[in-house]
Amino acid sequence: MSSQNKSKEKVYEAEVIDSSVIDESAFRKVLIKAGRTIAQPALEAFEMVLDPSTPAQARVSLIAALTYLIMPIDLMPDIIPVAGFSDDLVALTAVISLWSQHMTPEIRLRARRKLDAWFPI
């Protein structure tokens with residue numbers, strides 16, 4: 001590979017993320033307020049970040065989307081009923097769509113178990 005091609009490559013570095021790095025209780029609090037509709041894709045993204053088979057570039061994008069979800073400043077404030085969480089849903093759905101090739105049945109199952117525990121049917 002020529003040096004010109006090497007300079008055009010983007011390098012993504014990410015540390016391995018484990019559950020001790022992410023405050024799951026804060027994440028849970030936001031999702032319970034948002035409801036099941038927002039919680040399902042958010043939990044799938046969360047579980048994908050924690051999964052060791054997820055590539056670093058996918059983790060970076062997912063972390064960015066999850067960070068947007070829990071940030072107090074949004075394009076649409078979360079205090080606005082329904083509409084307040086719509087921008088969060090769009091952000092998460094877009095990222096999950098981008099990285100859908102990394103979603104596994106195991107990740108979906110772990111997310112579903114948390115969803116059912118947090119939002120009993």
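General remarks:
- Our coupling estimate for region 52-62, obtained by passing each phi through the Karplus curve with A = 6.51, B = -1.76, C = 1.60 and θ = phi - 60°, is x, 7, 6, x, 4, 4, 5, 4, 4, 5, 5 Hz, Gly and Pro reported as x.
- Sequentially through region 105-121, phi angles give Karplus couplings (6.51, -1.76, 1.60; θ = phi - 60°) of x, 5, 5, 4, 5, 4, 5, 5, 4, 5, 4, 5, 6, 7, 10, x, 7 Hz, Gly and Pro residues having no value and appearing as x.
- With both labels modelled 7 Å from their Cα along Cα-to-Cβ, the Val60 to Leu89 distance reads 3.0 nm.
- Hz values of 3J(HN,Hα) by residue in region 31-46 - Karplus curve (6.51, -1.76, 1.60), Gly and Pro given as x: 5, 5, 5, 6, x, 4, 4, 7, 5, 4, x, 5, 5, 5, 5, 4
- As a proxy for reagent exposure, ranking Thr37, Thr54 by other Cβ atoms within 10 Å from fewest up yields Thr37, Thr54.
Where a number appears in this text, it was derived from the coordinates with a stated rule and is not lab data. None of the values given here were measured: they were computed from a predicted structure. When we count neighbours, we look across all protein chains shown, and the Cβ atoms used for this are built from the backbone with ideal geometry, even at glycine.
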